[in-house]
Ligand code: USQ
(Lines give C-alpha, C1' and ligand atoms only; values in the text may rest on other atoms or scores of the structure.)
Protein backbone atom coordinates (compact mmCIF):
# COMPACT_ATOMS: atom_id res chain seq x y z
CA UNK A 1 0.00 0.00 0.00
CA UNK A 2 1.13 3.55 -0.66
CA UNK A 3 0.23 5.73 2.31
CA UNK A 4 0.37 9.48 2.57
CA UNK A 5 0.22 10.53 6.23
CA UNK A 6 -0.71 14.16 6.83
CA UNK A 7 0.44 15.37 10.25
CA UNK A 8 3.31 12.88 10.44
CA UNK A 9 5.20 14.75 13.18
CA UNK A 10 2.34 14.50 15.69
CA UNK A 11 1.60 12.25 18.66
CA UNK A 12 -0.29 9.80 16.44
CA UNK A 13 1.17 10.50 12.98
CA UNK A 14 4.76 9.48 13.70
CA UNK A 15 3.98 6.07 15.28
CA UNK A 16 1.49 5.41 12.49
CA UNK A 17 4.14 6.11 9.84
CA UNK A 18 6.63 3.74 11.51
CA UNK A 19 4.01 1.01 11.88
CA UNK A 20 3.11 0.99 8.19
CA UNK A 21 6.74 1.32 7.05
CA UNK A 22 7.74 -1.57 9.33
CA UNK A 23 5.01 -3.63 7.68
CA UNK A 24 6.60 -3.09 4.27
CA UNK A 25 4.26 -0.37 2.99
CA UNK A 26 5.46 2.73 1.13
CA UNK A 27 5.00 5.73 3.39
CA UNK A 28 5.33 9.44 2.80
CA UNK A 29 4.70 11.69 5.76
CA UNK A 30 3.92 15.36 5.62
CA UNK A 31 4.10 18.04 8.28
CA UNK A 32 4.93 21.73 8.73
CA UNK A 33 5.80 21.49 12.46
CA UNK A 34 2.79 23.64 13.37
CA UNK A 35 2.19 21.71 16.60
CA UNK A 36 5.79 22.22 17.73
CA UNK A 37 5.55 25.95 16.98
CA UNK A 38 2.32 26.38 18.95
CA UNK A 39 3.75 24.40 21.85
CA UNK A 40 6.70 26.82 21.96
CA UNK A 41 4.49 29.89 21.64
CA UNK A 42 2.18 28.82 24.49
CA UNK A 43 4.91 27.52 26.84
CA UNK A 44 3.57 24.00 26.33
CA UNK A 45 6.72 22.20 25.27
CA UNK A 46 6.40 18.45 25.63
CA UNK A 47 8.06 16.34 28.31
CA UNK A 48 9.70 14.33 25.58
CA UNK A 49 10.58 16.40 22.51
CA UNK A 50 11.45 14.09 19.64
CA UNK A 51 14.20 14.77 17.10
CA UNK A 52 13.24 16.29 13.73
CA UNK A 53 11.44 14.13 11.19
CA UNK A 54 14.52 13.89 8.99
CA UNK A 55 16.61 12.66 11.93
CA UNK A 56 14.00 10.16 13.10
CA UNK A 57 13.44 8.82 9.59
CA UNK A 58 17.21 8.37 9.13
CA UNK A 59 17.47 6.51 12.44
CA UNK A 60 14.43 4.36 11.68
CA UNK A 61 15.95 3.50 8.28
CA UNK A 62 19.27 2.56 9.86
CA UNK A 63 17.58 0.31 12.46
CA UNK A 64 15.02 -1.40 10.23
CA UNK A 65 16.16 -0.98 6.64
CA UNK A 66 12.77 0.62 5.89
CA UNK A 67 12.60 4.00 4.20
CA UNK A 68 10.02 6.71 4.97
CA UNK A 69 9.71 9.72 2.69
CA UNK A 70 9.37 13.14 4.37
CA UNK A 71 7.69 16.18 2.82
CA UNK A 72 7.82 19.38 4.87
CA UNK A 73 5.01 21.76 3.99
CA UNK A 74 1.56 23.07 4.80
CA UNK A 75 -1.20 20.63 3.84
CA UNK A 76 -3.68 23.52 3.68
CA UNK A 77 -1.63 24.86 0.74
CA UNK A 78 -3.48 23.27 -2.17
CA UNK A 79 -0.63 23.64 -4.68
CA UNK A 80 1.75 21.86 -2.33
CA UNK A 81 -0.60 19.05 -1.35
CA UNK A 82 -2.12 18.43 -4.76
CA UNK A 83 1.26 18.11 -6.47
CA UNK A 84 2.32 15.68 -3.75
CA UNK A 85 -0.83 13.57 -4.18
CA UNK A 86 -0.40 13.67 -7.98
CA UNK A 87 3.20 12.47 -7.75
CA UNK A 88 2.88 9.96 -4.87
CA UNK A 89 -0.47 8.44 -5.97
CA UNK A 90 -1.48 7.17 -2.52
CA UNK A 91 -3.84 4.23 -2.04
CA UNK A 92 -4.61 5.62 1.42
CA UNK A 93 -4.38 9.16 2.74
CA UNK A 94 -4.40 9.34 6.56
CA UNK A 95 -5.42 12.81 7.70
CA UNK A 96 -4.10 13.78 11.15
CA UNK A 97 -2.96 17.27 10.16
CA UNK A 98 -5.13 19.30 12.52
CA UNK A 99 -4.62 21.60 15.45
CA UNK A 100 -5.78 18.99 18.00
CA UNK A 101 -6.17 20.94 21.25
CA UNK A 102 -9.59 21.97 22.56
CA UNK A 103 -8.07 24.46 25.06
CA UNK A 104 -5.86 26.06 22.39
CA UNK A 105 -8.91 26.60 20.17
CA UNK A 106 -10.56 28.51 23.05
CA UNK A 107 -7.52 30.68 23.93
CA UNK A 108 -8.24 33.85 21.95
CA UNK A 109 -9.31 35.07 18.51
CA UNK A 110 -5.99 34.27 16.82
CA UNK A 111 -5.89 30.73 18.17
CA UNK A 112 -9.53 30.14 17.23
CA UNK A 113 -8.90 31.51 13.73
CA UNK A 114 -5.79 29.37 13.27
CA UNK A 115 -7.70 26.26 14.37
CA UNK A 116 -10.57 26.96 12.01
CA UNK A 117 -8.36 27.89 9.04
CA UNK A 118 -5.88 25.08 9.48
CA UNK A 119 -8.31 22.26 10.20
CA UNK A 120 -10.89 23.09 7.54
CA UNK A 121 -8.15 24.21 5.12
CA UNK A 122 -6.30 20.90 5.30
CA UNK A 123 -9.47 18.84 5.00
CA UNK A 124 -10.59 20.86 1.98
CA UNK A 125 -7.19 20.61 0.26
CA UNK A 126 -7.04 16.87 0.95
CA UNK A 127 -10.52 16.33 -0.49
CA UNK A 128 -9.71 18.29 -3.64
CA UNK A 129 -6.27 16.77 -4.12
CA UNK A 130 -7.75 13.28 -3.93
CA UNK A 131 -10.76 14.17 -6.09
CA UNK A 132 -8.53 15.65 -8.82
CA UNK A 133 -5.50 13.35 -8.77
CA UNK A 134 -6.26 10.05 -7.00
CA UNK A 135 -10.05 9.59 -6.87
CA UNK A 136 -9.91 5.96 -5.78
CA UNK A 137 -7.64 6.81 -2.81
CA UNK A 138 -9.21 5.93 0.56
CA UNK A 139 -9.23 8.91 2.93
CA UNK A 140 -8.86 7.86 6.58
CA UNK A 141 -9.79 10.91 8.60
CA UNK A 142 -9.25 11.30 12.34
CA UNK A 143 -12.45 12.69 13.78
CA UNK A 144 -13.34 12.74 17.46
CA UNK A 145 -15.94 11.31 19.81
CA UNK A 146 -16.29 14.93 20.93
CA UNK A 147 -18.26 15.61 17.74
CA UNK A 148 -21.26 13.91 19.36
CA UNK A 149 -20.91 15.70 22.69
CA UNK A 150 -22.73 14.10 25.59
CA UNK A 151 -26.38 13.71 24.51
CA UNK A 152 -28.91 12.14 26.85
CA UNK A 153 -29.44 9.21 24.45
CA UNK A 154 -27.25 6.33 23.22
CA UNK A 155 -24.62 7.49 20.69
CA UNK A 156 -24.70 5.43 17.51
CA UNK A 157 -21.77 4.74 15.22
CA UNK A 158 -22.04 7.74 12.91
CA UNK A 159 -25.60 7.36 11.67
CA UNK A 160 -29.11 7.37 13.12
CA UNK A 161 -32.42 6.36 11.57
CA UNK A 162 -35.20 8.77 12.42
CA UNK A 163 -38.92 8.25 12.05
CA UNK A 164 -40.79 11.51 11.68
CA UNK A 165 -44.50 11.90 10.97
CA UNK A 166 -44.71 8.35 9.69
CA UNK A 167 -41.67 8.56 7.36
CA UNK A 168 -38.14 7.32 7.97
CA UNK A 169 -34.65 8.36 6.86
CA UNK A 170 -31.03 7.91 7.98
CA UNK A 171 -28.81 10.88 8.89
CA UNK A 172 -25.47 11.61 10.45
CA UNK A 173 -25.91 11.29 14.22
CA UNK A 174 -26.64 14.74 15.73
CA UNK A 175 -23.49 16.54 16.78
CA UNK A 176 -22.99 19.22 19.45
CA UNK A 177 -19.33 19.80 20.16
CA UNK A 178 -17.97 21.40 23.33
CA UNK A 179 -15.06 23.43 21.90
CA UNK A 180 -14.18 25.17 18.66
CA UNK A 181 -11.61 22.45 17.97
CA UNK A 182 -14.29 19.75 18.26
CA UNK A 183 -16.58 21.89 16.09
CA UNK A 184 -13.98 21.96 13.30
CA UNK A 185 -14.17 18.16 13.32
CA UNK A 186 -17.96 18.35 12.91
CA UNK A 187 -17.44 20.66 9.94
CA UNK A 188 -14.79 18.30 8.52
CA UNK A 189 -17.30 15.47 8.63
CA UNK A 190 -19.90 17.57 6.82
CA UNK A 191 -17.38 18.52 4.12
CA UNK A 192 -16.34 14.91 3.63
CA UNK A 193 -19.96 13.73 3.52
CA UNK A 194 -20.78 16.35 0.89
CA UNK A 195 -17.91 15.23 -1.38
CA UNK A 196 -18.70 11.56 -0.80
CA UNK A 197 -22.30 12.20 -1.90
CA UNK A 198 -21.48 14.37 -4.88
CA UNK A 199 -18.14 12.98 -6.12
CA UNK A 200 -18.12 9.41 -4.83
CA UNK A 201 -15.00 9.71 -2.64
CA UNK A 202 -14.27 6.81 -0.30
CA UNK A 203 -13.84 7.93 3.30
CA UNK A 204 -13.53 6.44 6.78
CA UNK A 205 -14.13 8.94 9.58
CA UNK A 206 -12.71 7.66 12.87
CA UNK A 207 -14.45 9.14 15.92
CA UNK A 208 -11.63 8.84 18.40
CA UNK A 209 -11.66 9.36 22.17
CA UNK A 210 -8.71 10.73 24.20
CA UNK A 211 -5.53 8.71 23.60
CA UNK A 212 -2.87 7.87 26.19
CA UNK A 213 0.50 6.19 26.28
CA UNK A 214 3.97 6.53 24.83
CA UNK A 215 4.81 3.11 23.50
CA UNK A 216 4.31 1.19 20.30
CA UNK A 217 6.31 -1.73 18.90
CA UNK A 218 8.37 0.73 16.86
CA UNK A 219 8.95 3.46 19.47
CA UNK A 220 10.43 0.65 21.59
CA UNK A 221 13.23 0.18 19.03
CA UNK A 222 15.14 3.25 20.25
CA UNK A 223 14.33 6.09 22.70
CA UNK A 224 14.93 8.63 19.92
CA UNK A 225 12.04 7.12 17.94
CA UNK A 226 9.67 8.35 20.65
CA UNK A 227 6.55 10.32 19.88
CA UNK A 228 5.75 13.78 21.23
CA UNK A 229 4.40 13.58 24.82
CA UNK A 230 2.59 16.61 26.24
CA UNK A 231 1.45 16.94 29.85
CA UNK A 232 0.52 20.64 29.87
CA UNK A 233 -3.04 21.95 30.17
CA UNK A 234 -3.24 22.82 26.46
CA UNK A 235 -1.86 19.83 24.55
CA UNK A 236 -1.73 17.12 27.22
CA UNK A 237 -4.67 14.72 27.29
CA UNK A 238 -6.02 13.81 30.69
CA UNK A 239 -4.42 10.39 31.23
CA UNK A 240 -0.97 11.60 30.19
CA UNK A 241 -1.44 14.65 32.43
CA UNK A 242 -2.49 12.67 35.50
CA UNK A 243 0.44 10.28 35.12
CA UNK A 244 2.88 13.20 34.90
CA UNK A 245 1.25 15.03 37.82
CA UNK A 246 1.49 11.86 39.93
CA UNK A 247 5.23 11.64 39.21
CA UNK A 248 5.77 15.37 39.91
CA UNK A 249 3.97 15.24 43.26
CA UNK A 250 1.32 17.69 42.04
CA UNK A 251 -2.30 16.83 42.99
CA UNK A 252 -4.26 15.39 40.05
CA UNK A 253 -6.28 18.20 38.48
CA UNK A 254 -9.89 16.96 38.34
CA UNK A 255 -11.99 19.61 36.59
CA UNK A 256 -15.34 20.23 38.30
CA UNK A 257 -17.31 17.25 39.63
CA UNK A 258 -15.19 14.77 37.66
CA UNK A 259 -18.17 12.82 36.35
CA UNK A 260 -17.17 13.67 32.75
CA UNK A 261 -17.07 10.29 31.01
CA UNK A 262 -15.16 9.66 27.79
CA UNK A 263 -14.16 6.65 25.70
CA UNK A 264 -10.38 6.19 25.92
CA UNK A 265 -7.79 4.20 24.02
CA UNK A 266 -4.13 3.28 24.16
CA UNK A 267 -1.79 4.75 21.53
CA UNK A 268 -1.16 1.18 20.36
CA UNK A 269 -4.87 0.84 19.61
CA UNK A 270 -4.99 4.07 17.59
CA UNK A 271 -2.35 2.55 15.33
CA UNK A 272 -4.24 -0.73 15.21
CA UNK A 273 -7.54 1.00 14.35
CA UNK A 274 -6.02 3.09 11.58
CA UNK A 275 -4.36 -0.02 10.15
CA UNK A 276 -7.66 -1.96 10.28
CA UNK A 277 -9.45 0.90 8.54
CA UNK A 278 -6.73 1.19 5.88
CA UNK A 279 -6.66 -2.57 5.23
CA UNK A 280 -10.44 -2.75 4.73
CA UNK A 281 -11.22 0.45 2.81
CA UNK A 282 -14.62 2.09 2.63
CA UNK A 283 -16.40 1.59 -0.68
CA UNK A 284 -16.26 4.23 -3.38
CA UNK A 285 -19.09 6.66 -2.52
CA UNK A 286 -19.24 5.56 1.14
CA UNK A 287 -18.65 7.60 4.29
CA UNK A 288 -17.93 4.93 6.88
CA UNK A 289 -17.95 6.16 10.47
CA UNK A 290 -16.33 4.11 13.25
CA UNK A 291 -16.28 5.02 16.94
CA UNK A 292 -12.68 4.58 18.05
CA UNK A 293 -12.17 3.83 21.75
CA UNK A 294 -11.88 0.70 23.83
CA UNK A 295 -13.25 1.56 27.31
CA UNK A 296 -15.11 4.36 29.07
CA UNK A 297 -14.47 5.87 32.47
CA UNK A 298 -15.05 9.13 34.30
CA UNK A 299 -12.33 11.60 35.26
CA UNK A 300 -12.87 10.61 38.92
CA UNK A 301 -12.43 6.92 38.14
CA UNK A 302 -9.27 7.72 36.19
CA UNK A 303 -7.87 9.87 39.01
CA UNK A 304 -8.57 7.13 41.57
CA UNK A 305 -6.81 4.55 39.42
CA UNK A 306 -3.69 6.67 38.84
CA UNK A 307 -3.68 7.55 42.53
CA UNK A 308 -3.85 3.91 43.62
CA UNK A 309 -1.21 2.67 41.16
CA UNK A 310 1.05 5.67 41.84
CA UNK A 311 0.88 5.11 45.60
CA UNK A 312 1.74 1.45 45.14
CA UNK A 313 4.95 2.65 43.45
CA UNK A 314 5.81 4.84 46.44
CA UNK A 315 4.59 8.12 44.97
CA UNK A 316 2.43 10.29 47.21
CA UNK A 317 -0.46 11.00 44.89
CA UNK A 318 -3.27 13.35 45.86
CA UNK A 319 -6.38 14.41 43.99
CA UNK A 320 -7.59 18.01 43.82
CA UNK A 321 -10.90 19.31 42.51
CA UNK A 322 -10.53 22.52 40.51
CA UNK A 323 -13.12 24.89 39.17
CA UNK A 324 -13.79 23.55 35.68
CA UNK A 325 -12.09 25.80 33.10
CA UNK A 326 -14.31 24.28 30.39
CA UNK A 327 -18.01 24.42 29.71
CA UNK A 328 -19.14 20.80 29.74
CA UNK A 329 -21.56 18.50 31.55
CA UNK A 330 -19.89 17.16 34.69
CA UNK A 331 -22.45 14.40 35.26
CA UNK A 332 -24.18 12.85 32.27
CA UNK A 333 -25.41 9.74 30.50
CA UNK A 334 -22.81 8.15 28.20
CA UNK A 335 -23.35 5.00 26.19
CA UNK A 336 -21.71 5.15 22.74
CA UNK A 337 -21.72 2.17 20.37
CA UNK A 338 -18.26 0.95 19.36
CA UNK A 339 -18.61 -2.41 17.70
CA UNK A 340 -17.34 -1.54 14.20
CA UNK A 341 -13.62 -1.71 14.88
CA UNK A 342 -14.01 -4.79 17.09
CA UNK A 343 -15.79 -6.45 14.15
CA UNK A 344 -12.80 -5.56 11.96
CA UNK A 345 -10.54 -7.38 14.46
CA UNK A 346 -9.42 -4.77 17.01
CA UNK A 347 -7.67 -6.40 20.00
CA UNK A 348 -7.88 -3.77 22.77
CA UNK A 349 -5.06 -2.87 25.14
CA UNK A 350 -6.88 -1.65 28.25
CA UNK A 351 -5.63 0.78 30.91
CA UNK A 352 -4.69 -1.97 33.36
CA UNK A 353 -2.60 -1.44 36.48
CA UNK A 354 0.38 -2.84 34.53
CA UNK A 355 -0.09 -0.29 31.74
CA UNK A 356 -0.48 2.56 34.24
CA UNK A 357 2.64 1.33 36.08
CA UNK A 358 4.65 1.27 32.86
CA UNK A 359 3.53 4.82 32.00
CA UNK A 360 4.38 6.07 35.50
CA UNK A 361 7.80 4.41 35.42
CA UNK A 362 8.58 5.80 31.97
CA UNK A 363 7.62 9.33 33.04
CA UNK A 364 9.65 8.90 36.26
CA UNK A 365 12.76 8.62 34.08
CA UNK A 366 11.98 12.15 32.82
CA UNK A 367 10.98 13.57 36.21
CA UNK A 368 13.60 16.35 36.14
CA UNK A 369 12.12 17.80 32.94
CA UNK A 370 8.60 18.30 34.33
CA UNK A 371 7.80 22.01 34.55
CA UNK A 372 5.12 22.63 37.23
CA UNK A 373 4.13 25.91 35.53
CA UNK A 374 2.59 23.91 32.69
CA UNK A 375 0.14 21.97 34.88
CA UNK A 376 -2.64 24.29 36.09
CA UNK A 377 -5.33 25.35 33.58
CA UNK A 378 -4.52 28.57 31.72
CA UNK A 379 -7.45 28.65 29.27
CA UNK A 380 -11.02 29.27 30.45
CA UNK A 381 -14.03 28.76 28.16
CA UNK A 382 -16.31 31.23 29.92
CA UNK A 383 -13.98 34.20 30.39
N1 USQ B 1 -9.88 16.94 32.31
C2 USQ B 1 -9.73 17.08 33.69
N3 USQ B 1 -8.52 17.47 34.16
C4 USQ B 1 -7.46 17.71 33.35
C5 USQ B 1 -7.62 17.57 31.96
C6 USQ B 1 -8.84 17.19 31.47
O7 USQ B 1 -10.67 16.84 34.46
O8 USQ B 1 -6.39 18.07 33.87
C9 USQ B 1 -11.17 16.50 31.76
C10 USQ B 1 -11.74 17.45 30.73
O11 USQ B 1 -12.46 18.49 31.34
C12 USQ B 1 -12.57 16.51 29.88
C13 USQ B 1 -11.82 15.18 29.93
O14 USQ B 1 -10.96 15.28 31.06
O15 USQ B 1 -13.83 16.34 30.41
C16 USQ B 1 -11.01 14.85 28.71
O17 USQ B 1 -10.13 15.93 28.46
P18 USQ B 1 -8.87 15.79 27.50
O19 USQ B 1 -8.10 17.07 27.58
O20 USQ B 1 -8.15 14.52 27.77
O21 USQ B 1 -9.56 15.58 26.09
P22 USQ B 1 -10.20 16.62 25.06
O23 USQ B 1 -9.93 18.03 25.37
O24 USQ B 1 -11.64 16.25 24.89
O25 USQ B 1 -9.41 16.31 23.72
C26 USQ B 1 -8.63 15.14 23.52
C27 USQ B 1 -7.67 15.42 22.37
C28 USQ B 1 -8.48 15.69 21.11
C29 USQ B 1 -9.42 14.51 20.88
C30 USQ B 1 -10.30 14.28 22.10
C31 USQ B 1 -11.19 13.09 21.99
O32 USQ B 1 -6.83 16.51 22.67
O33 USQ B 1 -7.59 15.89 20.02
O34 USQ B 1 -10.23 14.78 19.77
O35 USQ B 1 -9.46 14.06 23.23
S36 USQ B 1 -12.74 13.32 22.82
O37 USQ B 1 -12.49 13.82 24.17
O38 USQ B 1 -13.45 12.07 22.83
O39 USQ B 1 -13.46 14.34 22.06
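The values are calculated or read from the model by the stated rules, or taken from the named source; none is laboratory data. Remember, it's a predicted structure, so these values are computed and weren't measured experimentally. Here Cβ is always computed from backbone atoms with ideal geometry, including for glycine, and neighbour counts include all displayed protein chains.
If only one of 56, 37 is more than 16 Å from the chain's Cα centre (by Cα) and surrounded by fewer than 18 Cβ atoms within 10 Å (Cβ to Cβ), which one is it? Walk me through how you get there before you give the answer.
Numbers: 56 fails: surrounded by fewer than 18 Cβ atoms within 10 Å (Cβ to Cβ).
Just one listed residue meets the conditions, 37.
Each row is one residue, and each column tells you yes or no for (1) closer than 22 Å to residue 276 by Cβ; (2) out of contact with any helix residue (DSSP H, G or I) (no Cβ under 7 Å at 6 or more places or on another chain).
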| position | (1), (2) |
| --- | --- |
| 170 | no, yes |
| 175 | no, no |
| 180 | no, no |
| 183 | no, yes |
| 202 | yes, yes |
| 205 | yes, no |
| 212 | yes, no |
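If you scan segment 232-253, which residues turn out to be within 7 Å of the ligand (Cβ to nearest atom) and more than 19 Å from the chain's Cα centre (by Cα)?
Across segment 232-253, the qualifying residue is only 253.
For residue 205, all conditions in the list (1) farther than 23 Å from residue 15 by Cβ; (2) touching a strand residue (DSSP E or B) at 6+ places or on another chain (Cβ under 9 Å); (3) crowded, with 24+ Cβ neighbours inside 10 Å hold save one; what is the number of the exception?
Unmet condition: (1).
Any residue in segment 302-311 that is surrounded by fewer than 20 Cβ atoms within 10 Å (Cβ to Cβ) and closer than 30 Å to residue 23 by Cβ?
no
Give just the number: which of (1) assigned to a loop (DSSP other than H, G, I, E, B); (2) surrounded by fewer than 24 Cβ atoms within 10 Å (Cβ to Cβ); (3) in contact with a strand residue (DSSP E or B) (Cβ under 9 Å, 6 or more places away or on another chain) does residue 75 not satisfy?
Result: residue 75 fails condition (2) only.
Based on what the data block shows, is residue 360 more than 22 Å from residue 153 (Cβ to Cβ), buried (at least 17 other Cβ atoms within 10 Å of the Cβ), under 20 Å from the mean Cα position of the chain (by Cα) and modelled with pLDDT of 95 or more? Write out each step before concluding.
Values: more than 22 Å from residue 153 (Cβ to Cβ): yes; buried (at least 17 other Cβ atoms within 10 Å of the Cβ): yes; under 20 Å from the mean Cα position of the chain (by Cα): no; modelled with pLDDT of 95 or more: yes.
For residue 360, the condition - more than 22 Å from residue 153 (Cβ to Cβ), buried (at least 17 other Cβ atoms within 10 Å of the Cβ), under 20 Å from the mean Cα position of the chain (by Cα) and modelled with pLDDT of 95 or more - is not met.
Return the pair list, or none, for Cβ contacts closer than 9 Å from residues in segment 209-237 that are on the phi > 0 side of the Ramachandran plot and surrounded by 22 or more Cβ atoms within 10 Å (Cβ to Cβ) to residues that are at pLDDT 95 or above and part of a loop (DSSP other than H, G, I, E, B), at least 6 apart or on different chains.
So the pair list comes out as 213/349; 213/351.
If you check 299, 289, 317, which single one turns out to be crowded, with 17+ Cβ neighbours inside 10 Å and closer than 15 Å to residue 360 by Cβ?
The match here is 317.
Looking at (1) touching a helix residue (DSSP H, G or I) at 6+ places or on another chain (Cβ under 7 Å); (2) surrounded by fewer than 13 Cβ atoms within 10 Å (Cβ to Cβ), can you tell me which one residue 333 breaks?
(1)
If you go through segment 11-34, how many residues are assigned to a loop (DSSP other than H, G, I, E, B) and within 20 Å of the chain's Cα centre (by Cα)? Working first, answer last.
Filtering segment 11-34 for residues assigned to a loop (DSSP other than H, G, I, E, B) gives 11-12, 23-25, 32-33.
So of that shortlist, the ones also within 20 Å of the chain's Cα centre (by Cα) come out as 11-12, 32-33.
Residues meeting the conditions: 4.
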